[in-house]
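For reference, the structure discussed in these notes is given below.
Just so you know, all these numbers are worked out from the coordinates, no wet-lab data involved. Please read all numbers here as calculations on a predicted model, not as lab measurements. Cβ atoms come from the backbone with ideal geometry, glycine included; neighbour counts cover every protein chain shown.
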Amino acid sequence: MLLFFAPIISLALTSRVTRKASKPRPVRHGKRPERLLAAAISAAVLCACSQQPRLGVDQSELEVAQTTYQGQAAGQEQAASEEDAKLQPDTAKEKARPFPIDTFYTLLVAEVAGNREQYDLALANYYFQAEQTKDAGVAARATRIARFLNARRAALRSAQLWVELEPDNPDAQLAATAELTLAGELDKALKHAELALDMGADAPLQSVAATAVDSEELATKVLPEFRRLSQKHPHNPEVTLALAMVLRANNNHEEALRLTKQVQEQDPSLLDAPLLQSHILIDMGREQEARQLLENLVALYPKESRLRLQYARLLIRDDLELAQQQFKELVKQNPSDGNLMLSLALIQYETKQFDDAKRLLEALLEKEEHESAAHFYLAGIAEQSGDLQQAVTHYRMVRPGSDYVPAITRGTTLLVANGDLEEAQSWFDELRQRHPGQKEQFYLLQSELLTKYESPQEAQRLLSDAVKANEDSNRLIYAYAMISEQLGDIENFELCLRKLLSRDPDNANLLNTLGYKLLSYDDRLDEALVLITKALEQSPDDPAIIDSMGWAQHRLGNHSVAVEYLQKAMSMLKDHEIAAHLGEALWALGDRQQAMQVWEQGLQINPESKLIPEAMQRLQDQKRLEQHVTES
């Protein structure tokens, strides 16, 4: 139940619509009593949002309120008339009048809605009446309800109305400051914060600063204003610390550090200052000082969770065991805090304390907090214990967020690696249906897994179907071309690349890929050279294309020209494939010692290279064959 709802009768009879009066006004009585109920219900329906359910208000509730209102309002009107009689026509005093009966009933419906937890209807009625009555009390209440419901637009407009109606009220200024800050309108927020400060209120300037420092550009922009406020209120710690936060964001660490120490001297009990100091010290690379500071503070204030949390986070960097102790104490002090439970579980997971981590993660699922993260790490624990089906079950429970793609990748990898292609296919089909805008990515991921785990034929079939269903996807066509080339299906490989080149004829990568492949066929060398030449014109500094040109010249018998290209490519990119080509060109020129040196260099770059040993073996076999023919 919304605890700040108070009885509407009290609110309605104490709130007044104020105006400046130059002369007494006669009291105007409302509609006949028998018509008031219908008018009240009509007003409630009209001012409520059309999407909200209609609130059934008991007639007895309204009748009791009506009787109470009529009796008390009559007394108020009599008192107001007596007061009016005392006023001189030229006085500048304000007079008050009770709410109109329709307003009263609309607000009554709002209060009943609040007590029945139909908060949206309550907010709609209060917001509407704030606009209608221009009453500061109603605007204030609308603001508080909107903020409670996290209805940001309504809260901002209500707060702005409230501060317009009651500019001398520091609470109104603070509400406007808070809502403008959340809306990102920091210039306006700072103006209201300054007015609140001038009235002696504690304006939340640190919150404004925290929003500003999220953007480097914004932090630079607001720095002069925070300096001005600090000069205006030099002894206000909130202002000083806000300035220190902005200075930190502007990398002015020394001055920011000085200000935090200044605040600590003024008020040692204000813990925001040493907390900020620890952050600044870490920024400056003085982590040991920050650690010592926090260690001392935690000893002095063992119940201050903010200090212990900052200390624990710092310890995570190089002392997981001590960090775990701090998080255990934090969870002990705050047993219902899901964030702390997750942090402790992750440390335990990282240190392979899987049983302890599992208990915390399962507790989070029971609390329905951080469910995706809990499922993700429970999947990891199941995987570690060899329960792959349980791991997949948990991975499939992860929902969109930071763990979503890793969960999909890991879960589908487990399935494909263990030969369960049918369930993997089902999962990917489900993903493509759930996220139609990401079909392409899921097809590519699935094909990569199939290829990696020795099912390239399945990958080709998958991509063939994917291309038919997504003919405009260049990435899928390219992937289909590559898997076709891997399987020796040169016809489909070339068809795909030709199709892509028809869409993008100057694409250097496509030209080079097709040209390099055609170099494998003696009868297509000239065609390959045309493609590679065009690719090199588009990207003259690409070492891969320069290597292709060198290999083309070698295949055409222009070995000296080939060596020039290949040496240039090798100087730009240390790659075992380029080394294999350069060695062959040198060997063809008769410089076999240098060729061996280049191959040795290539094997140092990639000891797992298959290209270099194959080239060496082939050329040595060719040499022996030539010697045998010569001797015979």
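Summary of computed values
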read-out: The range 534-632: relative contact order as a whole-number percent, Cα under 8 Å and 6+ apart; value: 20 percent
read-out: By average C-beta atoms within 10 angstrom, highest first, the peptides 465-474, 365-374; value: 365-374, 465-474
read-out: Computed E for Asn252/Arg313 - FRET, C-beta separation, R0 41 angstrom, nearest 0.05; value: 0.95
read-out: Stretch gain in nm, segment Asn418-Glu614, where the contour uses 0.36 nm per residue and the Cα spacing is subtracted; value: 67.3 nm
read-out: Whichever aspartates and glutamates have a C-alpha closer than 15 Å to that of Lys517, once near sequence neighbours (fewer than 8 apart) are set aside; value: Glu485, Asp489, Glu491, Glu494, Asp526, Glu527, Asp547, Glu577
read-out: Sorted peptide list for 174-181, 433-440, criterion being average Cβ within 10 angstrom, highest first; value: 174-181, 433-440
read-out: Approximate spin-label separation Glu117-Lys191, in nm, with each point projected 7 Å along Cα-to-Cβ; value: 4.2 nm
read-out: Label-point separation in nm, Asp171 to Gln262, each point 7 Å along Cα→Cβ; value: 3.4 nm
read-out: For peptides 419-427, 356-364, sequence by mean Cβ density within 10 Å, most packed first; value: 356-364, 419-427
read-out: Sites matching GluC sites (Glu not before Pro) across the range 256-353 that sit in DSSP coil, with at most 16 neighbouring C-beta atoms within 10 Å; value: Glu304
read-out: Length gained when the stretch Asp522-Asp387 is fully extended (0.36 nm per residue, less Cα-Cα span); value: 43.3 nm
read-out: Inter-centroid distance (Cα atoms) of the range 230-247 relative to the range 263-286, Å; value: 13 Å
read-out: Linear extension gain, Asp355 paired with Gln433, 0.36 nm per residue minus alpha-carbon span; value: 24.5 nm
read-out: Two-site FRET efficiency, Gln593 against Lys134, from Cβ-Cβ distance with R₀ of 60 Å, rounded to 0.05; value: 0.05
